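The values are calculated or read from the model by the stated rules, or taken from the named source; none is laboratory data. Small disclaimer: the values here were computed from a predicted structure and weren't measured. Note that we place each Cβ from the backbone using ideal geometry, even for glycine, and neighbour counts take in every protein chain shown. Accessible surface is based on the protein model in full, side chains and every heavy atom, while ligands, DNA and RNA are left aside. Shrake-Rupley method; radii C 1.70, N 1.55, O 1.52, S 1.80 Å.
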Amino acid sequence: MRRLGHPVVIEQKFPPDERSFTRYLKVINDSRVDGIVLWADAPAAGAILNQMHQMGMKQPVFGAARVVGEDLLRIAGQNAEGLEVVY
């Protein structure tokens, strides 16, 4: 993104075993970003999408191919609607 002239507004990193993303999402939401890019595995992505929904976050979400999997749909269900994944 930086190379194309689109600076990253905020970057949040979390440990691989993290399951509660509320504090990360609050920082992101407070930053008033226009969209979110998930670089996470399917279980974490599903949890993030659920927690975004619970917090009322409406930003478009994009993910790398690694977010796709049965775990994503099993965990996030309809909260995965609108997720755009690139490969």
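Quick notes
- In the range 22-52, the residue that is most open to solvent (accessible area, probe 1.4 Å) out of those that are closer than 16 Å to A80 by Cα and assigned to a loop (DSSP other than H, G, I, E, B) is W39.
- Residues of the range 78-87 classified as part of a helix (DSSP H, G or I) and surrounded by 13 or more Cβ atoms within 10 Å (Cβ to Cβ), total: 2
- Listed conditions (1) assigned to a helix (DSSP H, G or I); (2) open to solvent by less than 40 Å² (accessible area, probe 1.4 Å); (3) of a type in the set (V, I, T) are all met by I75, apart from (2).
- Within the range 56-72, the set of residues being exposed (fewer than 14 other Cβ atoms within 10 Å of the Cβ) and among the hydrophobic types (A, V, I, L, M, F, W, C) comprises A65 only.
- Exactly one residue among K58, K26 is under 12 Å from the mean Cα position of the chain (by Cα) and basic (K, R), and that residue is K58.
- Meets criteria (over 21 Å from H6 (Cα atoms) and small (G, A, S)) for A64: no
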